[in-house]
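Worksheet for the structure shown next.
The values are calculated or read from the model by the stated rules, or taken from the named source; none is laboratory data. Quantities reported herein were computed from a predicted structural model and do not represent experimental measurements. Here Cβ is always computed from backbone atoms with ideal geometry, including for glycine, and neighbour counts include all displayed protein chains.
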Amino acid sequence: MRSSGERIGGCVGGQRAAPWLWGAGQARANAPASVDAADAEKKEKCGIFGIAGPPDAVERCYYGLYALQHRGQESAGIAACDGRTINCHTGLGLVADVFSRGILRELTGQSAIGHVRYSTAGSTHKCNAQPILEEFINGQVAVAHNGNIINAARLRNEYQRFGHIFYSTSDTEIVIHMLAKPRHQEKDDPLGHVLRHLQGAFSMVFLFNNRLEACRDPWGFRPLVIGKTKDGFYCVASETCALASIQASFVREVEPGEIVTLAADGATLSSRFFTQKRDAPAHCAFEHVYFASPSSTIFNDTVMLVRQRLGRRLAQESPAAADIVIPIPDSGRSAALGFSKESGIPFEEGIVPNRYVGRSFIQPSQPLRDLAVQMKLIVIPEIVRGKRVVVVEDSIVRGTTTRGKILALRRAGAREIHMRVSCPPIRHPCFFGIDFPTPTELIANGRTVEEIRDFIEVDSLAYLSLEGMLSCLSQPPDHYCTACWSGRYPIPVEETVSKFGFERHQLKMFK
């Protein structure tokens, strides 16, 4: 059962939830489908934001999404409610491209939720953009989701057998079908009942016509934080950098297994949909390695400081005789700075990113894909020519883009190149919200470090050890998910549907 009554800022109390919390609830309401090797090394997951109460909720949601743009660049969307009706606008592309001033003016309301997406389940089509807005007998609901529901295929198949029609190929849509089920709506707490059926990683925010509800899976895979604005309104976001964008202060994280409810009148409530005691959470350590903004604080650690500690530990474990240390922009920058400070080797910016080359830069041949890599990251010859260079990268997934970067450094005249990676080798796929490819596509799967070194053509290659990486984080080692490195999955993964699994399933139905 979902337990009643804990105020956001206080301790557990005996208050029963207000009627607006425990009612039956109101429920729901040309871009390429693949990317080239230059874009496919590692992909952001998604970013979510929600705010309840202010008259300019839509505008604040827009700025919150803008701050979370690094988490997803395929699509963006905002759903807003005026207390009666929920309206939603979604589109493919960046936040600034999807929302014009005219569109923002049309989205009126005192509560809003937003989403920026990179697809980890479902391809890049408008139907998969979020928030998803639907309507059934009890009203409307919009939902935005960060993570992966690993039992979505089985649940979806069950509902399709009973005649449910799905309009997207995203794993998120199953949640709305479950919420609309009459037997679930008869429960005292429909949303909590539905969430207990889900397995996997989910930080989600729901917008009903009288409230906003944010939840986090019992393992706490994905970050989700609560903020409070200067004028007293509560908001939720994937990262604290989004809170800062609207000058909101950090209150706390949404706890694993918790639902936080925000009403437009400022009322707040916390409850539990999962009360079974867990020995430890399973926070995604790769958030700190790559995904999160350096300015954010997640899992009680400031990301930039963690990355500098990773670089320092990397220099201790795998020193190199070199003249300069350079980062692979942008996520390798903090680790490279840490490596430089620990080793005493000067830090230089030898590679400059071209921020005007988008992620959808797709080319049909390998030579053109190599050119795309060079366009995105431009080497400064005067910095690296004749030098022994330590190149610090946050991670290597397929190895194809890394090889292209090394080739560009060789052409610019680097005498020696020593690659240092601020996390362990990625040998296993992720099923909890990161678009890591199948094991056969991971360069470290089944290969030694020496074989990888030969492929990317560097003079030396070293990765940070798993123990070294975990020592740079403030929580105990067993509080983090390390499955992509160690192969130890916190949740047994019985169903391994690929990113495009639902598309293939639908095609089979029509054959």
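Checking ARG84 against (1) at pLDDT below 95; (2) buried (at least 24 other Cβ atoms within 10 Å of the Cβ); (3) within 16 Å of ALA264 (Cα to Cα), which test does it fail? Among (1) at pLDDT below 95; (2) buried (at least 24 other Cβ atoms within 10 Å of the Cβ); (3) within 16 Å of ALA264 (Cα to Cα), ARG84 violates only (2). From the list PRO319, PRO256, which residue is in the same structural domain as LYS387 (by TED's automatic domain parsing) and either in a loop (DSSP other than H, G, I, E, B) or surrounded by 23 or more Cβ atoms within 10 Å (Cβ to Cβ) (or both)? Just one listed residue meets the conditions, PRO319. Residues of the stretch 23-38 include none that is under 29 Å from GLY399 (Cα atoms), at pLDDT 50 or above and outside any helix (DSSP H, G or I).
Quick grid of which residues meet (1) part of a loop (DSSP other than H, G, I, E, B); (2) touching a Phe, Trp or Tyr at 6+ places or on another chain (Cβ under 6 Å); (3) at pLDDT below 95; (4) polar (S, T, N, Q):
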{"site": "PHE206", "(1), (2), (3), (4)": "no, no, no, no"}
{"site": "ASN210", "(1), (2), (3), (4)": "yes, yes, yes, yes"}
{"site": "CYS215", "(1), (2), (3), (4)": "no, no, no, no"}
{"site": "PHE221", "(1), (2), (3), (4)": "yes, yes, no, no"}
{"site": "ILE226", "(1), (2), (3), (4)": "no, no, no, no"}
{"site": "CYS235", "(1), (2), (3), (4)": "no, no, no, no"}
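Here's the yes/no breakdown for (1) under 22 Å from ALA80 (Cα atoms); (2) assigned by TED's automatic domain parsing to the domain that holds ALA96; (3) not in a loop (DSSP other than H, G, I, E, B):
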position	(1), (2), (3)
THR108	yes, yes, no
GLN160	no, yes, yes
PHE166	no, yes, no
ASP171	no, yes, no
LYS187	no, yes, no
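Every condition in (1) more than 22 Å from the chain's Cα centre (by Cα); (2) of a type in the set (Gly, Ala, Ser); (3) outside the structural domain of ALA112 (by TED's automatic domain parsing) holds for SER296 except the one numbered (1). Taking (1) in contact with a Leu (Cβ under 7 Å, 6 or more places away or on another chain); (2) within 30 Å of GLY386 (Cβ to Cβ) in turn, GLN316 satisfies each apart from (1). Only one of the numbered conditions (1) under 19 Å from the mean Cα position of the chain (by Cα); (2) under 20 Å from HIS177 (Cα atoms) is not met by GLN69, and that is (2).
Restricting GLY413, GLY433 to residues that are at pLDDT 95 or above, on the phi > 0 side of the Ramachandran plot and small (Gly, Ala, Ser) narrows the list to GLY413.
If you take the residues of the stretch 226-253 that are under 16 Å from ALA112 (Cα atoms) and of a type in the set (Val, Ile, Thr), which of them is surrounded by the fewest Cβ atoms within 10 Å (Cβ to Cβ)? Per the stated criteria, the residue is THR229. Residues in the stretch 126-151 that are in contact with a strand residue (DSSP E or B) (Cβ under 8 Å, 6 or more places away or on another chain) and part of a helix (DSSP H, G or I) were compared, and the one that is nearest to LEU198 (Cα to Cα) is ASN128.
Kindly list the number of the only condition in (1) surrounded by fewer than 24 Cβ atoms within 10 Å (Cβ to Cβ); (2) in contact with a helix residue (DSSP H, G or I) (Cβ under 6 Å, 6 or more places away or on another chain) that fails for VAL116. Only one criterion in (1) surrounded by fewer than 24 Cβ atoms within 10 Å (Cβ to Cβ); (2) in contact with a helix residue (DSSP H, G or I) (Cβ under 6 Å, 6 or more places away or on another chain) is unmet by VAL116, namely (1).
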